[in-house]
1. Condition (residue is within 16 Å of F64 (Cβ to Cβ) and in a loop (DSSP other than H, G, I, E, B)) applied to the stretch 132-149: is it met by at least one residue?
2. Checking G227 against (1) in contact (Cβ under 8 Å) with a residue 24 or more places away in the chain; (2) on the phi < 0 side of the Ramachandran plot, only one condition comes out false. Which one?
3. Only one residue in A188, A226, A132, A201 is over 13 Å from the mean Cα position of the chain (by Cα) and under 24 Å from D63 (Cβ atoms). Which one?
4. Among A110, A188, A127, A119, which is open to solvent by less than 10 Å² (accessible area, probe 1.4 Å), in a helix (DSSP H, G or I) and not polar (S, T, N, Q)?
5. Closer than 23 Å to L54 by Cβ, aromatic (F, W, Y) and surrounded by 14 or more Cβ atoms within 10 Å (Cβ to Cβ), is that true of F154?
6. Quick test of your reading of the structure: A24 fulfils all but one of (1) among the aliphatic types (A, V, I, L, M); (2) within 28 Å of L216 (Cα to Cα); (3) part of a helix (DSSP H, G or I). Name the failing condition by number.
7. Could you check how many residues of the stretch 137-151 are surrounded by fewer than 14 Cβ atoms within 10 Å (Cβ to Cβ) and in contact (Cβ under 8 Å) with a residue 24 or more places away in the chain?
8. Residues to consider are S202, S179, S171; find the one that is of a type in the set (S, T, N, Q) and open to solvent by 70 Å² or more (accessible area, probe 1.4 Å).
Amino acid sequence: MPITTCIFDAYGTLFDVAAAARQAAAEPDHDALRDRWPELANHWRLKQLQYTWLRAITDAHTDFWEVTQNGLDWALEATGLDGDAALRQRLLDLYWELQAYPEVPEMLRALKTAGKQTAILSNGSPAMLDGAVQSAGIGDVLDDVLSVESVGIFKPDARVYDLVQGRFGGSREEVLFVSSNGWDAAGASGYGFTTAWVNRASEPMDRLPWTPAHVLSDLTTIPQLAGA
């Protein structure tokens, strides 16, 4: 069945989640981060994801901004930087201005030129996602930005993936779902979407009941996969 709709995870897929730590480390006020930023960025992202899973299975939902702050606080303590309040604030401010990966604008434009529907489906809160979309300048090539806040639970709960058909209609097989998270791509595969895992770090495949239909190193070939 032809792909009519292309749905993208946001953080780590369209937006570079390491950009905040990398940029802060390059600023003269944050010398302590200069050699530690990759470690901090990895801790921050992992804890951010772990907290969404734990909150989902314990029915303790909160918005993604709180989860993001909780993950950062753990990462700062783990790297011995938890006493630097100015650094913490700078990292949080930069998270609202994450850079898109270089291929993202052209890829989205190609999809829209071909008549495909495009949207974000993210754990992010609406305000966070709006900030990232505006900062990246890609609002004009997205038909919608869908947040888990409308259902009150994080991915990979099926109620999150339900938002796509609720917004765009059509069948699950008409959706190409793209994520940099292997577990997210797997969950969407189990749901019935055609999926692409953007495996930028060349990680092993997650040991889950489902696997993505496509494994890519970046987003460049998404238009071809979608038949654009």
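1. Within the stretch 132-149, not a single residue is within 16 Å of F64 (Cβ to Cβ) and in a loop (DSSP other than H, G, I, E, B).
2. Failing condition for G227: (2).
3. Going through A188, A226, A132, A201 in turn, just one is over 13 Å from the mean Cα position of the chain (by Cα) and under 24 Å from D63 (Cβ atoms): A188.
4. Details: A110 fails: open to solvent by less than 10 Å² (accessible area, probe 1.4 Å); A127 fails: open to solvent by less than 10 Å² (accessible area, probe 1.4 Å); A119 fails: in a helix (DSSP H, G or I).
Just a single option satisfies the conditions, and that option is A188.
5. The answer is yes for F154.
6. The one condition A24 does not meet is (2).
7. Of the residues in the stretch 137-151, 1 are surrounded by fewer than 14 Cβ atoms within 10 Å (Cβ to Cβ) and in contact (Cβ under 8 Å) with a residue 24 or more places away in the chain.
8. Matching residue, one of S202, S179, S171: S202.
The values are calculated or read from the model by the stated rules, or taken from the named source; none is laboratory data. In this text the structure is predicted, and so the values were computed from the model without any measurement. Cβ atoms come from the backbone with ideal geometry, glycine included; neighbour counts cover every protein chain shown. SASA here: full protein model, heavy atoms, side chains in, ligands and nucleic acids out. Shrake-Rupley method; radii C 1.70, N 1.55, O 1.52, S 1.80 Å.
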